[in-house]
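Asks: Let me begin by handing over the structure; questions about it come next.
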Amino acid sequence: MIRSSFPAMGTEVVVVSATPDGLEATRRLFADIEARCSRFTSSSELSWVNGQPAGTVEVSPQLSALFTTADELRESTDGLVDPAVGSNVIAWGYDRTFSSVTDQACRPSTEPTAHWSLTTQGVSRPEGVRFDLGGIAKGWACDQAVESGMALIVGAGGDMRSAIPDAVAEIIDPWDGTAALVAVGTGSLATSSVTRRSWRVAGRKAHHIIDPRTGQPAASPILSASVVAARAVDAEAGAKAVLLHGESGLEWADRQPWLHGAVAIWDSGAVYATGSLEMAA
């Protein structure tokens, strides 16, 4: 097995593959998905979609597949995980790559996320809706790399997809300690955190996890949530939903048959997990 890493999607991507060709193919895959789905690149297809007038926009088969997955995850999380939060993410100051984000003096005026839909013609949205596919695109790329046989393990900014039966993931707490060692096996793990990408707005902390019910950064006692699932996109959505649910997040995760376990780190430093989570020996 060969291990390598490269920068993509605003993070470091770590790849384990059986061959050098697999490493290079994974690198190209991430570059292609980022070029299509980045909201920070004016030439991307997503930026073109976001710049179109309200109504239905025809999209490529690749972007359609991503939006279809996003729509399914929106339904699975009862609307808590929604790529249409893009307008509010921008309003709160995350309007450029994170390394360039600065504090804002004024609190923005935001609204709950408006409804969008998929049609046979493409993506239909009302005025003002902008999409942010960052999290789902990252998980999607991890899934595609492993499912296509390019890689055995891919990790990207908290998302991990594995084809190795005895794979174990280390969950790092917000203070850079080890919170848990989790058995992932031939599956996925994703972590959603409000501490890694934060800044200040009107003197108060803001972060990139926007609650679509309010249009504001999530107010939750959970600082970090990690979820194990079959696919990285499922784990990504599940982790975000646990964080957004707050006090009832782990109880919600335990009821979801598509999630295999979850762990949450609270603002007190306490670590809690669902009974279904398989810890590594």
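The values are calculated or read from the model by the stated rules, or taken from the named source; none is laboratory data. Note that the structure is a prediction, hence the values are computed from the model and not measured. Reconstructed Cβ throughout: ideal geometry from the backbone, glycine too, with neighbour counts over all protein chains shown.
Asks: Using the structure shown, decide if ALA180 is under 25 Å from LEU152 (Cα atoms), of a type in the set (A, V, I, L, M) and touching a Cys at 6+ places or on another chain (Cβ under 9 Å). Break it down into steps so the answer makes sense when it comes.
Replies: On the way: under 25 Å from LEU152 (Cα atoms): yes; of a type in the set (A, V, I, L, M): yes; touching a Cys at 6+ places or on another chain (Cβ under 9 Å): no.
When the stated conditions are applied, ALA180 does not pass them.
Asks: What are the residues in the stretch 193-202 that are surrounded by 16 or more Cβ atoms within 10 Å (Cβ to Cβ) and β-branched (Val, Ile, Thr), if any?
Replies: If the condition is that a residue be surrounded by 16 or more Cβ atoms within 10 Å (Cβ to Cβ) and β-branched (Val, Ile, Thr), then VAL194, VAL201 are the ones that fit.
Asks: Also, I was wondering about something else. Going by what's in this entry, would ALA262 be described as touching a residue at least 60 places away in the same chain (Cβ under 8 Å) and either closer than 23 Å to SER162 by Cα or crowded, with 23+ Cβ neighbours inside 10 Å (or both)?
Replies: On the way: touching a residue at least 60 places away in the same chain (Cβ under 8 Å): no; either closer than 23 Å to SER162 by Cα or crowded, with 23+ Cβ neighbours inside 10 Å (or both): yes.
For ALA262, the condition - touching a residue at least 60 places away in the same chain (Cβ under 8 Å) and either closer than 23 Å to SER162 by Cα or crowded, with 23+ Cβ neighbours inside 10 Å (or both) - is not met.
Asks: Which condition from (1) under 29 Å from THR97 (Cα atoms); (2) outside any loop (DSSP other than H, G, I, E, B) is the one that SER248 breaks?
Replies: (1)
Asks: Do we have any residue at all in the stretch 39-55 that's under 25 Å from SER192 (Cβ atoms) and surrounded by fewer than 14 Cβ atoms within 10 Å (Cβ to Cβ)?
Replies: Checked the stretch 39-55: no residue is under 25 Å from SER192 (Cβ atoms) and surrounded by fewer than 14 Cβ atoms within 10 Å (Cβ to Cβ).
Asks: Would you call TRP252 modelled with pLDDT of 95 or more, farther than 23 Å from ASP143 by Cα and surrounded by 20 or more Cβ atoms within 10 Å (Cβ to Cβ)? Working first, answer last.
Replies: On the way: modelled with pLDDT of 95 or more: yes; farther than 23 Å from ASP143 by Cα: yes; surrounded by 20 or more Cβ atoms within 10 Å (Cβ to Cβ): yes.
Yes; evaluated as a whole, the condition is true for this residue.
Asks: Can you spot a residue in the stretch 228-235 that is part of a helix (DSSP H, G or I), hydrophobic (A, V, I, L, M, F, W, C) and either surrounded by fewer than 24 Cβ atoms within 10 Å (Cβ to Cβ) or at pLDDT below 95 (or both)? Walk me through how you get there before you give the answer.
Replies: In the first step, residues of the stretch 228-235 are kept if they are part of a helix (DSSP H, G or I); the result is 232-235.
Add one more test, that the residue is hydrophobic (A, V, I, L, M, F, W, C), and what stays is 232-233, 235.
With either surrounded by fewer than 24 Cβ atoms within 10 Å (Cβ to Cβ) or at pLDDT below 95 (or both) added as a condition, the list becomes none.
Looking for residues that are part of a helix (DSSP H, G or I), hydrophobic (A, V, I, L, M, F, W, C) and either surrounded by fewer than 24 Cβ atoms within 10 Å (Cβ to Cβ) or at pLDDT below 95 (or both), one finds none in the stretch 228-235, hence no.
Asks: Tally up the residues in the stretch 99-152 that are charged (D, E, K, R) and surrounded by 14 or more Cβ atoms within 10 Å (Cβ to Cβ), please. Break it down stepwise before answering.
Replies: Going residue by residue through the stretch 99-152, those that are charged (D, E, K, R) are 103, 107, 111, 125, 127, 130, 132, 138, 143, 147.
Keeping just the survivors that are surrounded by 14 or more Cβ atoms within 10 Å (Cβ to Cβ) gives 107, 125, 130, 132, 138, 143.
Total satisfying the criteria: 6.
Asks: Quickly run through the stretch 1-56 and pick out the residues that are acidic (Asp, Glu) and farther than 16 Å from GLY134 by Cβ. I'd like the intermediate steps shown before the answer.
Replies: Here is the first cut: in the stretch 1-56, the residues acidic (Asp, Glu) are 12, 21, 24, 32, 34, 45.
ASP21, GLU24, listed by residue number.
Asks: Still on this structure: For the stretch 171-192, give me the residue count where each residue is in a strand (DSSP E or B), within 18 Å of the chain's Cα centre (by Cα) and surrounded by fewer than 24 Cβ atoms within 10 Å (Cβ to Cβ).
Replies: Of the residues in the stretch 171-192, 2 are in a strand (DSSP E or B), within 18 Å of the chain's Cα centre (by Cα) and surrounded by fewer than 24 Cβ atoms within 10 Å (Cβ to Cβ).
Asks: Any idea how many residues of the stretch 6-33 are assigned to a strand (DSSP E or B) and loosely packed, with under 13 Cβ neighbours inside 10 Å?
Replies: Step one: of the stretch 6-33, the residues assigned to a strand (DSSP E or B) are 6-8, 11-17.
The next check asks that each one be loosely packed, with under 13 Cβ neighbours inside 10 Å; those that pass are 7, 12.
The qualifying residues number 2.
Asks: Does the stretch 81-108 hold any residues that are of a type in the set (Phe, Trp, Tyr), under 25 Å from PRO7 (Cα atoms) and either in a loop (DSSP other than H, G, I, E, B) or touching a His at 6+ places or on another chain (Cβ under 6 Å) (or both), and which are they? Outline the logic, then answer.
Replies: In the first step, residues of the stretch 81-108 are kept if they are of a type in the set (Phe, Trp, Tyr); the result is 92, 94, 98.
Those still in the list that are under 25 Å from PRO7 (Cα atoms) too: 94, 98.
Selection gives TYR94 alone.
Asks: List the residue pairs whose Cβ atoms are under 7 Å apart, where the first residue sits in the stretch 150-164 and is farther than 17 Å from GLU34 by Cα and among the charged types (D, E, K, R), the second is surrounded by 24 or more Cβ atoms within 10 Å (Cβ to Cβ) and at pLDDT 95 or above, and the two are 6 or more positions apart or on different chains.
Replies: Every condition considered, the pairs that remain are ARG161/CYS142; ARG161/VAL146; ARG161/VAL154; ARG161/SER188; ARG161/ALA232.
Asks: Condition first: in contact (Cβ under 8 Å) with a residue 60 or more places away in the chain and charged (D, E, K, R). Can you find one or more residues in the stretch 59-77 that meet it?
Replies: no
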